[in-house]
Amino acid sequence: MADNGMVKDKDILLEVKGLKKYFPITGGMMRKVVGYVKAVDDVNFFVREGETLGLVGESGCGKTTAGRAVLRLYEPTDGEVRFKSRALSKSGKPEWVSLRELNKEQLKTVYQDISMIFQDPIGSLNPRMTVYDIITEPLLIHNKIGPSTEEHVIQLLQRVGLRPEHIRRYPHEFSGGQRQRIGIARSLALNPQLIICDEPVSALDVSVQAQTLNLLNDLKEDFNLAYIFVAHDLSVVQHISDRVAVMYVGRIAEMAESIDLYSHPLHPYTEALMSSVPRPNPRLKKQRIIMEGDVADPGNPPPGCLFHPRCRYVQDRCKTEVPELREIKPDHYAACHFAGELDLKGVEMG
Amino acid sequence: MTDAVAIPMEEKKKDAVKISQSYWSLVWWKFKRNRLAVVAAFILAGYYITCLIFPEFFAPYSKGLESDYIEARPTYPHFVDAAGSFSLRPFVYGLDEEIDVATRSRKFVVNESVKYPLYFFVEGEPYKLLGLIPAKTHFFGTDPANPDAKVFLLGTDRLGRDQFSRILFGGRISLFIGLFSVAVFLFVGVTLGAASGYYGGATDIVVMRITELLSAFPQEPLFLALGAAVPVSWPSTRVFFMVTILLALIQWGGLARQVRGLVLSGREEQYVLAARSFGASDRRIIFNHLIPATMSHVIVIATLKIPGMILLETALSFLGLGLVPPTVSWGTLLQNANTVRSISAAPWYLFVTPFILFAILAYNLLGDGLRDAMDPYSK
């Protein structure tokens, strides 16, 4: 699909093609490799400038691994990651680079353009460092400490809703929501173009979740950021994403504009997932689709379509042939042999 | 309305004044409440000032000065003389040499008719303070104008050298060995442990197998063999450094294993991943994130290790396998007391023991205090 649809788009910022990350399974005395967990297997997606791409899926479907493999925090097994980098170009105009071909120094430079926000607001901040040290760490790594650094940090703190006097404090003195704000301020320190948010709100309680999501939305406008927003909570993803990619056992099942995907899913898995979204309407008849069986084991995946053992619309073809991710409607991709032919139910956007 | 405005203002003020407590200031605060540990810290400070830094000043004589008083008994300071008259200035009695008719051995007896008053800050043998500044003043001593006046607080040895002075000078070597070998021990243990935990793989396997080999080896014969391997012809300073490094190299295994464990768990922390996502180098992650996380643990181990090193040096030197005379250390001083004859004839040779004892005790109390203070789970 990549060859027909994606490249012609001018404002694409990041393009991922055929990304794979296999973790070896070792066994026996000699630690022989007996198989692979295909955590991420042939993942394709792209992010446009200033856009939020939601990446959803059940736990263990490889969404976090995909996010980290993009940055080569986990070295991908195969695939291509192309990124329009500002930091690496000498002319000042953004330039296409292939992240997997960069050497260490170049990759470090690209890290100025892409940063990360982590799930655990406690674990992602070093408890022995002050807020100032935490936020300036990216600057220190890239030799960008100057006389105006403190002012810069204070501005960042104020921008994420913290107070200037918090600068000398330690992480343990903050609440979970505040800590996540510190993490957000840190991710903004180098003025990136793209932030990979790895479940940034799933450890927070609901009221704080909303505040944090609104903050992320505001920052996106202010700094012209793009997000890859990894999450498992569909209502959170719906709230923040422009487009959503649904993952199932290491593969993208469907990718489309948020509204389109939620109201008119084209993949049976998306339909089942949508039916699980709780809706605050007591008169609505429950129509949850209860899926049979378990999630496929990425170490021992079924042949054909990975979803076929649980699919309500399964046909013989699904059991042998792996469906490709193809563009069914403009900007709406699905990896199902019968996408577009099935009549699937979505949810109304509220 | 005015109240509503005033309250947040006040809150803000309080907030600005509040100073954050860093981990180390909390440790210090907890440590201060442990009286025994604080006393131990003061005792150790005293040891290091008198023995390690300024023994030339605190000792009345140099470590090599030989007097005519061979194995003379200690002359204790008195305030009240035999006649019962009190003087504020302490004094010591003179010593007379006597031949014991029965054993035909010479011994010294106290002559209560001769009194030598003691003075503070007296002029004595010239020396160089810290090896640099020439000086003559000693902390205490007898009247320099009277060459017969001597003070031997803890007696003399076979060559007529003052025990007290020699114990102070011996402390310099023994205490320094404790510090220096623990420094080497820390360097080797932390470096190899951190490398082993962080890089894993072949590094880990090699390092861990070496530590297992070292811990499986019976330590005493290993010390004896290595100690015996140091050539006799070597100058004393080289032997000294050799012994120091030997002590460290045999013992680093346990520390390396603990640091490895801490680094292994620290490596998986999200803040390490965060640092990597910003492009931090391995070196930065190890030195700024992983090793600081092990420090509270390592400092306690080091503090508890120093007395072990001091004792090891003492034991080795006592057996004649570590340092050898003329180097003065607590171990070589104890060699004087290695026969029954010498203990019965000159029991003051054993005065080295309380000095060692209190140093070890103080270190252990200090280590315990630090461990309690650094334990994040204690209240």
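Just need a number here: residues in region B:98-112 that are over 37 Å from the mean Cα position of the chain (by Cα) and in contact (Cβ under 8 Å) with a residue 24 or more places away in the chain.
Result for region B:98-112: 2.
So in region A:101-126, with the set limited to residues that are touching a residue at least 12 places away in the same chain (Cβ under 8 Å) and in a helix (DSSP H, G or I), which one is farthest from the other protein chains (Cβ to nearest Cβ)?
Among those residues, the one meeting the criterion is A:106.
Suppose we keep only residues that are in contact with a Phe, Trp or Tyr (Cβ under 9 Å, 6 or more places away or on another chain) and under 12 Å from residue B:168 (Cβ atoms) within region B:24-55. Which one would you say is surrounded by the most Cβ atoms within 10 Å (Cβ to Cβ)? Lay out the reasoning, then the answer.
Step one: filter region B:24-55 for residues in contact with a Phe, Trp or Tyr (Cβ under 9 Å, 6 or more places away or on another chain), giving B:37-38, B:40-41, B:43-44, B:47, B:49-52, B:54-55.
In the following step, the residues that additionally are under 12 Å from residue B:168 (Cβ atoms) were identified as B:47, B:49-52, B:54-55.
Numbers: B:47: 19, B:49: 13, B:50: 17, B:51: 24, B:52: 17, B:54: 16, B:55: 22.
Applying the filter and picking the extreme gives B:51.
Of these, B:117, B:77, B:60, which one is closer than 20 Å to residue B:139 by Cα, surrounded by 14 or more Cβ atoms within 10 Å (Cβ to Cβ) and free of Cβ contacts under 8 Å to residues at least 40 places away in the same chain? Full working, then the answer.
On the way: B:77 fails: free of Cβ contacts under 8 Å to residues at least 40 places away in the same chain; B:60 fails: free of Cβ contacts under 8 Å to residues at least 40 places away in the same chain.
The unique qualifying residue is B:117.
Please state which one of A:85, A:89 is of a type in the set (Ser, Thr, Tyr) and surrounded by fewer than 17 Cβ atoms within 10 Å (Cβ to Cβ).
Working: A:85 fails: surrounded by fewer than 17 Cβ atoms within 10 Å (Cβ to Cβ).
Just one listed residue meets the conditions, A:89.
For the condition in a helix (DSSP H, G or I), at pLDDT 50 or above and under 48 Å from the mean Cα position of the chain (by Cα), what is the one hit in B:25, B:20?
On the way: B:20 fails: in a helix (DSSP H, G or I).
It is B:25.
Can you tell me how many residues within region A:50-63 are out of contact with any Pro (no Cβ under 9 Å at 6 or more places or on another chain) and at pLDDT below 90? Quick ask: steps written out before the conclusion?
First, pick out the residues of region A:50-63 that are out of contact with any Pro (no Cβ under 9 Å at 6 or more places or on another chain): A:50-59, A:63.
Still in the running and at pLDDT below 90: A:50, A:57-59, A:63.
The qualifying residues number 5.
From (1) more than 22 Å from the chain's Cα centre (by Cα); (2) under 30 Å from residue B:173 (Cα atoms), pick out the condition that doesn't hold for residue B:250.
Evaluating residue B:250 over (1) more than 22 Å from the chain's Cα centre (by Cα); (2) under 30 Å from residue B:173 (Cα atoms) leaves (1) as the failure.
Would you please list the contacts, defined by Cβ atoms under 6 Å and residues six or more apart or on different chains, that run from a residue in region B:243-266 that is farther than 22 Å from residue B:324 by Cα to a residue that is polar (S, T, N, Q)?
Taking only residues 6 or more apart or on different chains, the pairs are B:253/B:211; B:253/B:215; B:256/B:211; B:257/B:211; B:259/B:294; B:260/B:196; B:262/B:294.
Would region A:64-80 turn up any residue that is more than 14 Å from chain B (Cβ to nearest Cβ) and within 25 Å of residue A:182 (Cα to Cα)? I'd like the intermediate steps shown before the answer.
Within region A:64-80, the subset more than 14 Å from chain B (Cβ to nearest Cβ) is A:66, A:76-80.
Narrowing further to those that are within 25 Å of residue A:182 (Cα to Cα): A:66.
Among the residues of region A:64-80, at least one is more than 14 Å from chain B (Cβ to nearest Cβ) and within 25 Å of residue A:182 (Cα to Cα), which makes the answer yes.
Please work out which residue is farthest from residue B:227 (Cα to Cα), limiting yourself to region B:245-283 and to residues that are away from chain A (no Cβ under 14 Å) and among the basic types (Lys, Arg).
Going through region B:245-283, the residues away from chain A (no Cβ under 14 Å) turn out to be B:245-261, B:263-264.
In the following step, the residues that additionally are among the basic types (Lys, Arg) were identified as B:257, B:260.
Working: B:257: 26, B:260: 29 Å.
Once the filter is applied, the top-ranked residue is B:260.
Show the residue pairs that are 6+ apart or on different chains and have beta-carbon atoms under 9 Å apart, the first residue being within region B:216-242 and part of a helix (DSSP H, G or I), the second being polar (S, T, N, Q).
Going by the 9 Å Cβ cut-off, the qualifying pairs are B:219/B:251; B:236/B:327; B:237/B:327; B:239/B:327; B:240/B:327; B:240/B:329.
Just one of A:318, A:305 is in a helix (DSSP H, G or I) and in contact (Cβ under 8 Å) with a residue 12 or more places away in the chain; which is it?
Values: A:305 fails: in a helix (DSSP H, G or I).
The unique qualifying residue is A:318.
Inside region B:284-333, can you point out the residues that are within 14 Å of chain A (Cβ to nearest Cβ), polar (S, T, N, Q) and surrounded by 22 or more Cβ atoms within 10 Å (Cβ to Cβ)?
B:294
Which condition from (1) within 30 Å of residue A:117 (Cβ to Cβ); (2) within 14 Å of chain A (Cβ to nearest Cβ); (3) at pLDDT 85 or above; (4) part of a helix (DSSP H, G or I) is the one that residue B:202 breaks?
(1)
Looking at (1) in contact with a helix residue (DSSP H, G or I) (Cβ under 9 Å, 6 or more places away or on another chain); (2) part of a helix (DSSP H, G or I); (3) modelled with pLDDT under 85, which one does residue A:3 not meet, given that it meets all the others?
Of the numbered conditions (1) in contact with a helix residue (DSSP H, G or I) (Cβ under 9 Å, 6 or more places away or on another chain); (2) part of a helix (DSSP H, G or I); (3) modelled with pLDDT under 85, the odd one out for residue A:3 is (1).
From the set of residues in region A:154-177 that are crowded, with 17+ Cβ neighbours inside 10 Å, in contact (Cβ under 8 Å) with a residue 24 or more places away in the chain and in a helix (DSSP H, G or I), which is nearest to the chain's Cα centre (by Cα)?
Result: A:177.
Only one of A:316, A:294 is surrounded by fewer than 13 Cβ atoms within 10 Å (Cβ to Cβ) and within 22 Å of residue A:62 (Cβ to Cβ). Can you tell me which? Write out each step before concluding.
Details: A:316 fails: within 22 Å of residue A:62 (Cβ to Cβ).
Of the residues listed, the single one that is surrounded by fewer than 13 Cβ atoms within 10 Å (Cβ to Cβ) and within 22 Å of residue A:62 (Cβ to Cβ) is A:294.
Does region B:91-109 hold any residues that are in a strand (DSSP E or B) and either modelled with pLDDT under 80 or surrounded by 15 or more Cβ atoms within 10 Å (Cβ to Cβ) (or both), and which are they? So that I can check it myself, show each step before the final result.
Here is the first cut: in region B:91-109, the ones in a strand (DSSP E or B) are B:91-99, B:106-109.
Passing the criteria: B:91, B:92, B:93, B:94, B:95, B:106, B:107, B:108.
So the check is Cβ under 8 Å with 6+ separation or different chains; which pairs have a first residue in region A:127-139 that's at the interface with another protein chain (Cβ under 8 Å from one of its Cβ atoms) and touching a residue at least 40 places away in the same chain (Cβ under 8 Å) and a second one that's surrounded by fewer than 22 Cβ atoms within 10 Å (Cβ to Cβ) and among the basic types (Lys, Arg)?
A:130/A:168; A:130/A:169
Quick one: in region B:120-132, which of the residues that are free of Cβ contacts under 8 Å to residues at least 12 places away in the same chain and not small (Gly, Ala, Ser) is nearest to residue B:345 (Cα to Cα)? Even if it seems obvious, please write down each step before you answer.
We begin by selecting, within region B:120-132, every residue free of Cβ contacts under 8 Å to residues at least 12 places away in the same chain; these are B:126, B:131-132.
After this cut, where a residue has to be not small (Gly, Ala, Ser) as well, the list is B:126, B:132.
Numbers: B:126: 32, B:132: 39 Å.
Filtering first and then ranking leaves B:126.
Considering only residues that are within 12 Å of chain B (Cβ to nearest Cβ) and farther than 30 Å from residue A:84 by Cβ, which ones fall in region A:170-220?
The answer is A:170, A:171, A:172, A:173, A:174, A:179, A:203.
Of the residues that make up region A:177-192, is at least one more than 24 Å from residue A:132 (Cα to Cα) and either touching a Ser or Thr at 6+ places or on another chain (Cβ under 7 Å) or among the hydrophobic types (A, V, I, L, M, F, W, C) (or both)?
Within region A:177-192, the first condition is being more than 24 Å from residue A:132 (Cα to Cα), and the residues that meet it are none.
Among the residues of region A:177-192, not one is more than 24 Å from residue A:132 (Cα to Cα) and either touching a Ser or Thr at 6+ places or on another chain (Cβ under 7 Å) or among the hydrophobic types (A, V, I, L, M, F, W, C) (or both), which makes the answer no.
Whether any residue in region B:182-196 is hydroxyl-bearing (Ser, Thr, Tyr), surrounded by 14 or more Cβ atoms within 10 Å (Cβ to Cβ) and without any contact (Cβ under 8 Å) to a residue 12 or more places away in the chain is what I want to check.
Taking region B:182-196 first, the residues hydroxyl-bearing (Ser, Thr, Tyr) are B:191, B:196.
Pick out the ones that are also surrounded by 14 or more Cβ atoms within 10 Å (Cβ to Cβ) and you get B:191, B:196.
Filter again for without any contact (Cβ under 8 Å) to a residue 12 or more places away in the chain, leaving B:191.
Within region B:182-196, one or more residues are hydroxyl-bearing (Ser, Thr, Tyr), surrounded by 14 or more Cβ atoms within 10 Å (Cβ to Cβ) and without any contact (Cβ under 8 Å) to a residue 12 or more places away in the chain.
The values are calculated or read from the model by the stated rules, or taken from the named source; none is laboratory data. Computed from a predicted model, the values in this text were never measured in an experiment. Cβ coordinates were reconstructed from backbone atoms using ideal geometry, including for glycine residues, and neighbour counts include every protein chain displayed.
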